[in-house]
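What follows is a set of notes on a single structure, which appears directly below.
The values are calculated or read from the model by the stated rules, or taken from the named source; none is laboratory data. Since this is a predicted model, take the numbers as computed values, not measurements. Positions of Cβ are backbone-derived with ideal geometry, glycine not excepted, and every protein chain shown enters the neighbour counts. For accessibility, only protein heavy atoms count, side chains too; no ligands or nucleic acids. Shrake-Rupley method; radii C 1.70, N 1.55, O 1.52, S 1.80 Å.
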Amino acid sequence: MPIGIIINVIAVLLGTILGGSIKKYVPDTLKRDLPKVFGICALTIGINSVIQVKTLPAVIMSVILGYIVGELLHIDTHIGNAFSKVLRKLSFGDYDDTYMDMYLLVVLMFSMSGMGIFGALVEGMSGDTSVLTSKSVLDFFTAILFGTTLGYAQGLICIPQFIILTACFLLAKLIMPFISETMIIDFKACGGLVTMITGLTVSKILDIKAIKLVPALIIVIPLVSLFLVF
């Protein structure tokens with residue numbers, strides 16, 4: 001049983017419900033400024049992962065190539081359109097581009113972060129839920145924060161979150177025997193770099209659709225293995 005994943009999903013769902021419930025009571029100035037504060041906190045978390053990197057050229061190349069792939073495949077458009085259709089069908093309403101850009105950033109943070117995927121792999125391999133438990137505490141408060149802006153519609157993110165992390169959990173025993181400690185550290189570093197970019201985007205310091213960086217998390221391990229061979 002993926003206990004850590006279930007805890008993580010419940011944390012996001014509860015945070016969303018709480019954030020949606022207090023949405024109308026939160027001043028607009030707070031809604032505007034709190035994401036910026038969170039963005040800087042995310043930047044700090046990302047830096048903590050990046051400083052442990054072992055194969056920096058491979059990680060940087062993964063992020064660059066990942067963004068190029070994400071751009072060429074128009075990942076942000078496809079994912080955004082999919083969520084928009086579902087939100088309309090569930091009668092959550094129509095949302096503008098600004099709302100959907102923020103929504104996709106939250107999808108990335110909850111469903112596809114390096115910490116989440118790494119935690120799911122660790123739990124699948126060893127049963128250790130500590131990484132995902134730590135992430136759940138952070139995600140709970142993050143869900144409250146963004147729930148005050150995105151509302152109850154944010155709860156829909158729990159579906160891809162559960163599917164993606166569970167897939168990693170199930171694949172762990174197959175891929176972990178082929179992954180070295182260096183690959184794991186560099187995967188976390190790549191996830192940290194994506195987290196840093198996401199944090200800077202949330203803080204309005206950068207204007208990048210961070211969801212396009214998702215392919216980097218797939219590219220990084222094969223690329224690091226090539227660097228280790230050559």
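Conditions: (1) of a type in the set (Asp, Glu); (2) surrounded by 16 or more Cβ atoms within 10 Å (Cβ to Cβ); (3) closer than 13 Å to LEU150 by Cβ. ASP76 meets all but one. Number of the miss?
Condition (3) is where ASP76 drops out.
Give the residue that is nearest to LEU193 (Cα to Cα), with candidates limited to residues of segment 1-43 that are among the polar types (S, T, N, Q) and modelled with pLDDT of 85 or more.
ASN8
Considering (1) assigned to a helix (DSSP H, G or I); (2) open to solvent by 40 Å² or more (accessible area, probe 1.4 Å); (3) over 25 Å from MET100 (Cα atoms); (4) not hydroxyl-bearing (Ser, Thr, Tyr), say which one VAL122 fails and leave the rest.
In the conditions (1) assigned to a helix (DSSP H, G or I); (2) open to solvent by 40 Å² or more (accessible area, probe 1.4 Å); (3) over 25 Å from MET100 (Cα atoms); (4) not hydroxyl-bearing (Ser, Thr, Tyr), VAL122 misses (2) alone.
Could you say whether any residue in segment 57-71 is surrounded by 12 or more Cβ atoms within 10 Å (Cβ to Cβ), touching a residue at least 24 places away in the same chain (Cβ under 8 Å) and not in a helix (DSSP H, G or I)?
No: segment 57-71 contains no residue that is surrounded by 12 or more Cβ atoms within 10 Å (Cβ to Cβ), touching a residue at least 24 places away in the same chain (Cβ under 8 Å) and not in a helix (DSSP H, G or I).
List the residue pairs whose Cβ atoms are under 9 Å apart, where the first residue sits in segment 147-167 and is over 17 Å from PHE38 (Cα atoms) and open to solvent by 40 Å² or more (accessible area, probe 1.4 Å), the second is aromatic (Phe, Trp, Tyr) and not in a helix (DSSP H, G or I), and the two are 6 or more positions apart or on different chains.
Here the result reads TYR152/PHE92, each pair linking segment 147-167 to a residue that is aromatic (Phe, Trp, Tyr) and not in a helix (DSSP H, G or I).
GLN52 passes all but one of (1) exposed (fewer than 14 other Cβ atoms within 10 Å of the Cβ); (2) assigned to a helix (DSSP H, G or I); which number fails?
(2)
Condition first: of a type in the set (D, E, K, R), open to solvent by 70 Å² or more (accessible area, probe 1.4 Å), outside any helix (DSSP H, G or I) and at pLDDT below 80. Can you find one or more residues in segment 87-94 that meet it? Before you say what the answer is, go through the steps one by one.
So in segment 87-94, the residues of a type in the set (D, E, K, R) come out as 88-89, 94.
Retained after the next criterion (residues that are open to solvent by 70 Å² or more (accessible area, probe 1.4 Å)): 88-89, 94.
This time we only want the ones that are outside any helix (DSSP H, G or I), so: 94.
Of the ones still in play, those that are also at pLDDT below 80 are 94.
Yes: segment 87-94 contains one or more residues that are of a type in the set (D, E, K, R), open to solvent by 70 Å² or more (accessible area, probe 1.4 Å), outside any helix (DSSP H, G or I) and at pLDDT below 80.
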